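So the structure is just underneath, and the comments pick up after that.
We did not get these values from a lab; they are worked out from the coordinates using the rules stated. Note that the coordinates shown come from a computational prediction; the quantities given were computed from them, not determined experimentally. Cβ atoms come from the backbone with ideal geometry, glycine included; neighbour counts cover every protein chain shown.
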Amino acid sequence: MRIATWNVNSARARVERIGAWLDRSDVDVLAIQETKARDDQFPASVFTDRGYEVAHHGLSQWNGVAIASRVGLEDVRIGFPGQPGYGDPEEPEARAIAATCAGVQVWSLYVPNGREVDHPHYAYKLRWLKALREAGAARLAEDPDAQIAYVGDFNIAPQDDDVWDMAAFEGSTHVTGPERAAFEELVGAGFREVVREHTPGPGVYTYWDYKGLAFPKRKGMRIDFVLASPALGARVSGAGIDREERKGKGASDHAPVIVGLDGNDGAAVAKVKEAGA
């Protein structure tokens with residue numbers, strides 16, 4: 001089985017590319033972030049026409065998360081326990097959705113950006129991550145053998161190698177100590193980052209800004225991850241980042257990240273990885 005995550009940066013603007021990528025990658029489950037659509041605007045047919053079931057959570061033209069699966073889509077959940085909202089008064093945001101796909105609970109997560117270190121959105125980001133860690137730790141305490149995948153755009157570069165130049169990010173979000181500590185605390189709660197071991201850096205990224213020719217100049221960031229519970233992590237046979245999908249007209253600024261499970265899909269993931277190298 002192959003599970004992928006992709007921040008598409010507007011599902012409606014990327015319909016043709018999403019369909020073409022599904023045909024090319026042949027993934028079984030795709031978690032999507034930043035759909036930028038309400039539920040009634042989401043282009044579900046690009047998935048259902050290809051035999052995928054799909055669940056979407058979108059409240060406005062911002063944020064939005066979805067899961068598409070051709071191996072079953074059960075027990076759909078919107079948000080995780082304790083997930084905070086944003087604003088005054090606090091309002092919920094469409095940043096987390098889960099579904100069980102062939103026995104794996106897949107969470108599509110769009111972690112808040114943080115904006116600036118002294119911005120209220122930064123404090124919100126840290127609260128959001130703390131609540132996610134607490135929810136994940138409680139779930140694993142309840143069932144240590146649970147197969148859980150936390151996947152998506154984490155808006156954090158956990159290591160210096162995950163950005164093209166640390167000096168360029170001085171004083172910026174995504175690389176601060178508290179953000180990196182929040183990510184490591186999630187790992188410490190039992191969720192292993194399973195892609196890096198198959199795609200070691202430096203210079204391996206999942207996001208490139210549209211501005212300043214960042215992509216051809218290889219000025220990127222690694223901020224999209226697959227974090228697996230112990231039971232699921234033991235099944236991982238390969239992983240890749242489809243850098244090829246970042247090329248060309250109408251691309252998202254993120255590349256899809258793919259994980260193969262149970263040995264027989266390791267070679268298929270490697271082919272996608274090589275194609276995007």
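What to note about this one:
- Cα gyration tensor shape of segment 136-233, rounded if a/c is under 1.5, else prolate or oblate by comparing a/b with b/c: prolate
- Difference of contour (0.36 nm per residue) and Cα-Cα distance, HIS119 to GLU197: 24.7 nm
- Taking a ≥ b ≥ c as the square roots of the eigenvalues of the Cα gyration tensor, segment 89-137 is prolate, since a/c reaches 1.5 or more and a/b is larger than b/c.
- Length gained on full extension, ASP23 to ASP145, computed as 0.36 nm times the residue gap minus the Cα-Cα distance: 40.6 nm.
- Net charge dipole size for segment 120-205 [Lys, Arg +1 and Asp, Glu -1 on Cβ; Debye, nearest 20]: 300
- For GLN147, the residues whose amide H sits under 5 Å from its own are GLN105, ignoring neighbours fewer than 5 places away on the same chain, with H placed 1.01 Å from N.
- Ellipticity at 222 nm from helices only: DSSP H runs of n ≥ 4 in the chain, each -39500 (n - 2.57), divided by the residue count, give -7000 deg cm²/dmol.
- Segment 1-128: proportion of alpha-carbon pairs further apart than 16 angstrom, %: 61
- Using distinct alpha-carbon pairs, which all enter the 1/r mean, Kirkwood radius of segment 77-218 in Å: 16.4
- Centroid-to-centroid separation of segment 5-39 and segment 104-151 [C-alpha atoms, Å]: 22
- Taken about its Cα centre, the chain carries a charge dipole of about 720 debye when Lys and Arg each add +1 at the Cβ and Asp and Glu each add -1 at the Cβ.
- With the convex hull drawn over the C-alpha atoms of the chain, the volume per residue is 118 Å³.
- 3J(HN,Hα) couplings calculated from phi for segment 89-97 with the Karplus curve 6.51 cos²θ - 1.76 cosθ + 1.60 (θ = phi - 60°) are, in sequence order, x, 5, 10, x, 10, 7, 10, 8, 9 Hz; Gly and Pro show x.
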